[in-house]
Amino acid sequence: MKKIKSFLYLAWKACPSYIVLLVLQAVTQAVRLWLNVILPKFLVDELLGGADVRRLIIYGGLIVLNNVGMTLLEKLYRRMLEPRENYMRNAMNKKMAEKIMNLEYSYLEEPYYLDLKERAVFALTNQGAITNLVIMISDTISKGVTLAGLLVIMATLGPFMILVLAAGIGIMLLLYKSMSTAMVEVMSQIIPINRKYGYYMELETEKQHQKDIRLYNMSGMIADKVMEFSEDVCDMFDVMLKKQGRVLGGMNIVNDAIAAISYGYVGLRTISDRFGERISIGSLTMYVTSAINFTSNVLSFGTSIINTLQNLSFLEPYMEFMAIKEETREEGKIKFEGKIETLEFNNVTFTYPKAEKPVLKNVSFSIRRGEKISIVGLNGAGKSTLVKLICRMYKADSGEIKINGKSIYDYDYGSYMKGISAVFQDYRLFNFTIGENISCQDRNADNAKINRLIEEVGLGEKIASLKEGINSRFGKEYDKNGIEMSGGEGQKVAIARALYKESSMVILDEPASALDPISEAEIYEKFNSLVEDKTAIYISHRMSSSVFCDRILIIDGGCVADFDTHEHLMKKTDSLYYKLFHSQAENYKLEEA
């Protein structure tokens, strides 16, 4: 029940009118059935009694009005519900997207939460669990209200029927409990298998995988995986459905027994006063109709509960994901203004969540405004981690990072981030126009500035050849006229995006990894003029980039090994920098030979 309340709270926040309409629809369906059970009693009694024409017209009219009016009302509800159903589904998807964007970045790099996110998305997109759950809850409410009304009607026969119904409901609840326990257990096993099944199904459709799949003839292997998981799911459903069949069979027996007892008891009460006051023929029709509807609605109620539990189990990853604590960005109160004059790391130590060892240990250095700094080190040394800490994606275990003499966490998050631009090695371009990818705005963009940056990063000729120029949409997924770019061209767009932002510090984490050495050299040679008076921090696996920098920060095993100019470092023949530089230089000579 607690999970259902949590889900309904989220659904209510997404679209309250949808929930209200579903409840009204459920109550309307129940009221229609009640009136169809009760009103015929008065009509039959009047026909067999006084046969007053006016009363007969009134009772007949009420029956017709009930069915016609309630039918029209239900159709109106369905018409109103359809657009709201789509809206609610999209709103819940949007809430999840907002949740992802507001989570602490550490969650997005931790395998458990990445897995949880994928399971949540799978429940929304593949299983349609949100819409199904809301509909099932509404149906359960409708059947529950109907049964409550029918129980009240049947209870008017006296304590005997109350005992019979109570015993029947008690037995059915026990059957439900055994089935519910089995379902929850099976669903907990099915959900991770479903996620794996979805992964391999997506492999067959996502374009970025097609080259490797075809080149290495992997289609058979992927199909085998899909079949393997399909068979596992089918085996689990076989167990669950057999259990469900036995339970529903038992419930049918109980229902039939209740119906038989009800019919017999009502019949005896109609022809004799031995078991109580005799009832009229009209009352006989009411009680028999109540018994028939009670038995059919009990089964429907049970099915609704089963489906509700099933969809609720599908949505458990979504509920868990939505319950994750969001990032608190109100920590800083100072609004950052002006330029970044200094950046300082003072004895900074940092360990990734659930990691055993720190990736950075007592790191200290300082950078002045306008400096061009290269960060060099072996893979895993902690170079990219420095960037993530500067961008407040993680918080240091100890030590302090300062901008202009103040802790970066003293600054308001929004104003602080306006001062920093970054291009990561796993940058992304979006299905927007080239101009929108650079400006990150859909209106009020400075097209002159965009075109200037395009020229400066070396994309002028490419963009000029496009029919729509900077208004060309990137990617063909949503626009058949969209354009594709090579990895190097895409990185130049990402660099232009970083430069477009009015920030005073630019960080480039492997900014030219998709470029050939010549193109990379061209980017670095002109970067001093591109960044103008901005502070620039470069991380590159190619040591040649360091030549264009004012100083080089050497990170070795999470510690600062050195921080000096290229010329001074090259004089230290036993240093890591000297060895790395000459090792790459030899490789380039071999390639040229």
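The values are calculated or read from the model by the stated rules, or taken from the named source; none is laboratory data. Bear in mind that the values here come from a model prediction, so they are computed numbers and not experimental data. Virtual Cβ from ideal backbone geometry, glycine too; neighbours counted across all protein chains shown. Heads up: the accessible areas ignore ligands, DNA and RNA and are worked out on the full protein's heavy atoms, side chains in. Shrake-Rupley method; radii C 1.70, N 1.55, O 1.52, S 1.80 Å.
Given the options GLY250, GLY302, GLY245, name the one that is in contact (Cβ under 8 Å) with a residue 60 or more places away in the chain and closer than 30 Å to LEU8 by Cα.
Checking each option against the conditions leaves just GLY302.
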Item to check | Of residues in region 456-494 being under 17 Å from CYS440 (Cβ atoms) and in contact (Cβ under 8 Å) with a residue 60 or more places away in the chain, the one surrounded by the most Cβ atoms within 10 Å (Cβ to Cβ) | outcome: GLN491
Checklist outcome for this item: The condition of being part of a loop (DSSP other than H, G, I, E, B) and modelled with pLDDT under 85 holds, among LYS339, LYS354, only for LYS354
Next on the checklist: When you check TYR287 against the structure, is it among the aromatic types (Phe, Trp, Tyr) and surrounded by fewer than 20 Cβ atoms within 10 Å (Cβ to Cβ), yes or no?
Outcome noted: no
Checklist outcome for this item: Given the conditions (1) at positive phi; (2) within 33 Å of the chain's Cα centre (by Cα), every one holds for ASN347 apart from (2)
Checklist outcome for this item: Checked region 538-572 for anything at pLDDT 85 or above, part of a loop (DSSP other than H, G, I, E, B) and open to solvent by 50 Å² or more (accessible area, probe 1.4 Å); matches are ASP550, LYS571, LYS572
Next on the checklist: buried (at least 21 other Cβ atoms within 10 Å of the Cβ) and touching a Ser or Thr at 6+ places or on another chain (Cβ under 9 Å): is that true of ALA259 in this structure?
Outcome noted: no
Item to check | First in region 43-59 and closer than 20 Å to LEU284 by Cα, second anywhere and outside any helix (DSSP H, G or I), Cβ under 7 Å, 6 or more apart | outcome: ASP45/SER280; GLU46/ASP52
Item to check | Failed criterion for LEU114 (all others in (1) under 21 Å from ALA11 (Cβ atoms); (2) open to solvent by 40 Å² or more (accessible area, probe 1.4 Å); (3) in contact with a helix residue (DSSP H, G or I) (Cβ under 9 Å, 6 or more places away or on another chain) hold) | outcome: (1)
Item to check | When residues of region 81-106 are limited to those that are small (Gly, Ala, Ser) and either out of contact with any helix residue (DSSP H, G or I) (no Cβ under 6 Å at 6 or more places or on another chain) or not in a helix (DSSP H, G or I) (or both), the one nearest to LEU22 (Cα to Cα) | outcome: ALA97
Next on the checklist: Of all residues being of a type in the set (Val, Ile, Thr) and in contact (Cβ under 8 Å) with a residue 24 or more places away in the chain in region 138-153, which is nearest to ASN311 (Cα to Cα)? Just the residue, please.
Outcome noted: THR140
Checklist entry - Does region 344-357 contain any residue that is over 18 Å from GLY557 (Cα atoms) and touching a strand residue (DSSP E or B) at 6+ places or on another chain (Cβ under 6 Å)? => result yes
Checklist entry - Is it true that SER272 is open to solvent by less than 60 Å² (accessible area, probe 1.4 Å), free of Cβ contacts under 8 Å to residues at least 24 places away in the same chain and not basic (Lys, Arg)? => result yes
Checklist entry - What's the number of the condition ASN297 fails, among (1) in a helix (DSSP H, G or I); (2) open to solvent by 60 Å² or more (accessible area, probe 1.4 Å); (3) over 27 Å from MET92 (Cβ atoms)? => result (2)
